[in-house]
Amino acid sequence: MELSSIIPNYQPLPLPAPLWLLTTLLILGFYLHVLPMNVILGGTFLSSFMFFKSAHDKNSRMYEAAKTMASILPVFVSFTITQGIVPLLFLQLLYGPMFYTSSIIMAVPWIGIIALLIVAYYGCYFVIYRLFKQDQAQENAGAIGLVLLISCVLFMLIGFTFSSNMLLMTHPEKWLEYYNHSSNGLNFHLNDPQLIPRYLHFFLSAIAVASLFMGYLGTRKIANDHEQGTWMIKKGASLFSIITSLQIGVGFFFLFSLPRDLVRQFMSGEGLMSWIFFASLALSAVSIILGYTAASSGNPKHLRATFHTTLLVILTMVLNRHFLREALLSPYIKPETLKIQPQWDLLGIFILSAVGLIVYLVWLVKVSKPDVVAEAE
């Protein structure tokens, strides 16, 4: 069967803005989504581990760091959800024929994300508004760690479902096979060589970023509690550097799971796609060196330098991801052929609303902190 006969057409309406602008908003929107997403996925894992490990000593540095990390998670879940709307909107607009079809084919696990998210979100709130309300002597570190671990597993399942769908949309040759298997949407795209390395790459990066964020919280705590702040900087930077070093190997595992022609495009040293790829490697190396420096010195300036460099690393990784998706979808759809009829008034309202939302969420982080977070500053 010709694939053109099963790939839907674009909607007849023209694009509301130039393609370059919509693409920029898609990339920027995903970047602003993936930053807090890394904190909640890696943060639930990291804080759960620290609660289990420090359960015997609730006065330890690790236990205090675990409480600080756990206390910021609910607000960051909110940030992740609201910022996730933007890239989904532009993804549907630019790649709708592929994205809608893959989402329908695996409709049951896709819609199940909502239920998983509600339970995982509640788990984060349950920890700080129920378990943390108990007296220090009665806090059950095991129960706290278990609830956070459950939330972490649910967040991991959500991420795995997203990865599966984002890959399925690039493989229309698989659609009919899955539809014949279950026309009710009981499908999951598992037999793809990219899936495991892709998912591992994102999961490990989340732990690395969350570790670095713990160090960043340490830079804010150091003025009031120098020893605790220094401990968090050193531990966070050390974990970040170790995991990011491992990430380079996992990243190449992911790279070589791609079709050979795409590997050559990334490795050729020619064109923007390859330049961004090599820039991501160079920046990753710099962030690792800075991270080890911060881990050794406990200096807040070194930690902040690592943090800012890592923000650039994540941006280059988001660009790499976009270039990969474009290359995988280019044989099937051509967004550049669509008609354009700019609606600057509506687009302006959207951008102003998005910026306003970001400002509001940043303000919310500052004013709605539990006591544990306030102590970190």
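The values are calculated or read from the model by the stated rules, or taken from the named source; none is laboratory data. What you see is a predicted model, and the numbers here were worked out from it, not measured in a lab. Every residue, glycine as well, gets a Cβ built from its backbone with ideal geometry; the counts of neighbours run over all protein chains shown.
Filter segment 53-96 down to the residues that are small (G, A, S) and more than 18 Å from F213 (Cβ to Cβ), then identify the one that is modelled with the lowest pLDDT.
Of segment 53-96, the ones small (G, A, S) are 54-55, 60, 65-66, 70-71, 78, 84, 96.
Next cut, more than 18 Å from F213 (Cβ to Cβ) only: 54-55, 60, 84, 96.
Details: S54: 89, A55: 84, S60: 89, G84: 90, G96: 91.
Top of the filtered list is A55.
What helices (runs of 4 or more DSSP H) lie completely within segment 127-221 and have 3 or more residues being touching a residue at least 40 places away in the same chain (Cβ under 8 Å) and in the same structural domain as T68 (by TED's automatic domain parsing)? Spell out how you get there, then give the answer.
Details: elements: 141-168, 175-181, 195-221.
Answer list for segment 127-221: 141-168, 175-181.
Anything in segment 329-345 that is assigned to a helix (DSSP H, G or I) and more than 15 Å from Q11 (Cβ to Cβ)? List them, or say none. Give the derivation first.
First, the residues of segment 329-345 that are assigned to a helix (DSSP H, G or I): 329, 335-337, 344-345.
Once the filter is applied, which keeps residues that are assigned to a helix (DSSP H, G or I) and more than 15 Å from Q11 (Cβ to Cβ), segment 329-345 yields L329, E336, W344, D345.
Is there any pair with a first residue in segment 70-89 that is closer than 18 Å to C152 by Cβ and of a type in the set (F, W, Y) and a second that is in a helix (DSSP H, G or I) and at pLDDT 90 or above whose Cβ atoms are under 6 Å apart and which are 6 or more apart or on different chains, and what are they?
If the second residue must be in a helix (DSSP H, G or I) and at pLDDT 90 or above, the pairs left are F76/P36; F76/V39; F76/I40; F79/P36.
If you take the residues in segment 293-348 that are among the polar types (S, T, N, Q) and touching a helix residue (DSSP H, G or I) at 6+ places or on another chain (Cβ under 7 Å), which one is nearest to S102 (Cα to Cα)?
Of all residues in segment 293-348, those among the polar types (S, T, N, Q) come to 293, 296-297, 299, 306, 309-310, 316, 320, 330, 337, 341, 343.
Filter once more, keeping what is touching a helix residue (DSSP H, G or I) at 6+ places or on another chain (Cβ under 7 Å): 293, 306, 309-310, 316, 320.
Values: T293: 45, T306: 38, T309: 35, T310: 32, T316: 26, N320: 22 Å.
Step by step, filter segment 293-348, then rank; the result is N320.
Taking segment 255-291 as the region of interest, how many residues are surrounded by 19 or more Cβ atoms within 10 Å (Cβ to Cβ) and either outside the structural domain of T219 (by TED's automatic domain parsing) or among the aromatic types (F, W, Y) (or both)?
Result for segment 255-291: 2.
Of the residues L312, L258, L262, which is over 19 Å from the mean Cα position of the chain (by Cα), among the aliphatic types (A, V, I, L, M) and within 21 Å of F203 (Cα to Cα)? Talk me through it step by step, then tell me what you get.
On the way: L312 fails: over 19 Å from the mean Cα position of the chain (by Cα); L262 fails: within 21 Å of F203 (Cα to Cα).
Matching residue, one of L312, L258, L262: L258.
Can you find, within segment 56-100, the residue that is nearest to the chain's Cα centre (by Cα) among those that are in a helix (DSSP H, G or I) and among the small types (G, A, S)?
Selected residue: G84.
With the requirement that a residue be over 28 Å from F76 (Cβ atoms), part of a helix (DSSP H, G or I) and not aromatic (F, W, Y), what does segment 1-44 give you? Break it down stepwise before answering.
Keep residues of segment 1-44 that are over 28 Å from F76 (Cβ atoms), which gives 1-21.
Still in the list and also part of a helix (DSSP H, G or I): 3-5, 19-21.
Once the filter is applied, which keeps residues that are over 28 Å from F76 (Cβ atoms), part of a helix (DSSP H, G or I) and not aromatic (F, W, Y), segment 1-44 yields L3, S4, S5, L19, L21.
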